[in-house]
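The structure under discussion appears below in the form of structure tokens.
The values are calculated or read from the model by the stated rules, or taken from the named source; none is laboratory data. What you see is a predicted model; the values in this text were computed from it and never measured. Cβ placement follows ideal geometry from the backbone for every residue including glycine, while neighbour counts extend to all protein chains displayed. To get the accessible areas, we keep the full protein, side chains included, count just its heavy atoms, and leave off ligands, DNA and RNA. Shrake-Rupley method; radii C 1.70, N 1.55, O 1.52, S 1.80 Å.
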Amino acid sequence: GSPTTRATDAGLKGRQAVSMAIDRAQLADVACSHAIVCAPATGGPFPKGVKGYLGDNADPNAKFDATKAKALLDEWDPAKTKRNGLTLRYNTNASNDPIFTNVVAQLKANLGIDVKTAPSDFPTLLAERKNKTLTGLFRESWGMDYNHPQDWFDNLSTCAQAGVGKGNDGGYCNPAMDTLVSGADAKPLDQALPDYLKATKILVNDVVWVNLIYGTQPYMTQKWVTGSSYNGFYDTEWKEISILKH
């Protein structure tokens, strides 16, 4: 079901188990051309380079630990019934197919659970997410509009966006997190950032998403080209790129 923040959240340990059972380094190596076009997501849902990144290895649920994952799975599902018949929904394409083939293989190898994949076209997946009809596991990703936490919090994770047709696809609602975000939204960013970071830690601890990979932008340049890079949000502005004497 949709995640909640109560101590009785019935799905929390199950989500933790799935997250800890996935070796993100292996995933990036196998599914992202040896980690060229993606990087393991270890610092929460928002990538390195954006304002509000928690830091490398700051997501405790992203640390691969098959033994702990199995223990959490059994705590969540002592009768060994809820783990049966899980489906993973995603939109099929050349990038996603190897990612989720590896995810399913790791869940089998590390948790002993059989997850059935249910690929579709992207519009179908979008409609199901918006309508809140999905159960089990499903793919989410996003691109940011501007480099400010207000953008992703207000669009992806607040209670106001949790209803049918809104952008909070998991239906997650945490009034305590909303209070932090609404207060932060009203402040200048330098003053607001500590509250945004606290809000991000709530998302991480509640395992709202099993954060897998960050998309990256690789560059190939001649050795006499300098200043070409990617900061996790934008390419380097062309005015900062220069050609050295050669």
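Considering 228, 157, which residue is within 30 Å of residue 102 (Cα to Cα) and in contact (Cβ under 8 Å) with a residue 12 or more places away in the chain?
157
On the given criteria, is residue 58 within 15 Å of the chain's Cα centre (by Cα), assigned to a loop (DSSP other than H, G, I, E, B) and among the aliphatic types (A, V, I, L, M)?
The answer is yes for residue 58.
Go through segment 113-139 and give me each residue that's surrounded by 13 or more Cβ atoms within 10 Å (Cβ to Cβ), modelled with pLDDT of 95 or more and in a loop (DSSP other than H, G, I, E, B).
113, 115, 139 - these are the residues of segment 113-139 that are surrounded by 13 or more Cβ atoms within 10 Å (Cβ to Cβ), modelled with pLDDT of 95 or more and in a loop (DSSP other than H, G, I, E, B).
Here is a list of conditions, (1) closer than 30 Å to residue 198 by Cα; (2) of a type in the set (Ser, Thr, Tyr); (3) touching a helix residue (DSSP H, G or I) at 6+ places or on another chain (Cβ under 7 Å), and residue 141 meets all of them except one; can you say which number that is?
Residue 141 satisfies every listed condition except (3).
Given the conditions (1) part of a loop (DSSP other than H, G, I, E, B); (2) over 18 Å from the mean Cα position of the chain (by Cα); (3) within 18 Å of residue 136 (Cα to Cα), report the number of the one that residue 94 does not fulfil.
(3)
May I ask you to say which residue of 80, 13, 48 is on the phi > 0 side of the Ramachandran plot and of a type outside the set (Val, Ile, Thr)?
80
Which residues, counting only those in segment 87-108, are surrounded by 13 or more Cβ atoms within 10 Å (Cβ to Cβ) and out of contact with any strand residue (DSSP E or B) (no Cβ under 8 Å at 6 or more places or on another chain)?
Selection gives 95, 98, 102, 105, 106, 107, 108.
Kindly evaluate residue 196 against the criterion of being among the aromatic types (Phe, Trp, Tyr) and touching a residue at least 60 places away in the same chain (Cβ under 8 Å).
Yes.
Give segment 163-174 a look and list any residue that's under 24 Å from residue 10 (Cβ atoms), over 16 Å from the mean Cα position of the chain (by Cα) and free of Cβ contacts under 8 Å to residues at least 60 places away in the same chain, or say none.
Result: 163, 164, 166.
Only one of (1) open to solvent by 70 Å² or more (accessible area, probe 1.4 Å); (2) out of contact with any Pro (no Cβ under 8 Å at 6 or more places or on another chain); (3) under 30 Å from residue 192 (Cα atoms); (4) not aromatic (Phe, Trp, Tyr) fails for residue 51. Which number is that?
(2)
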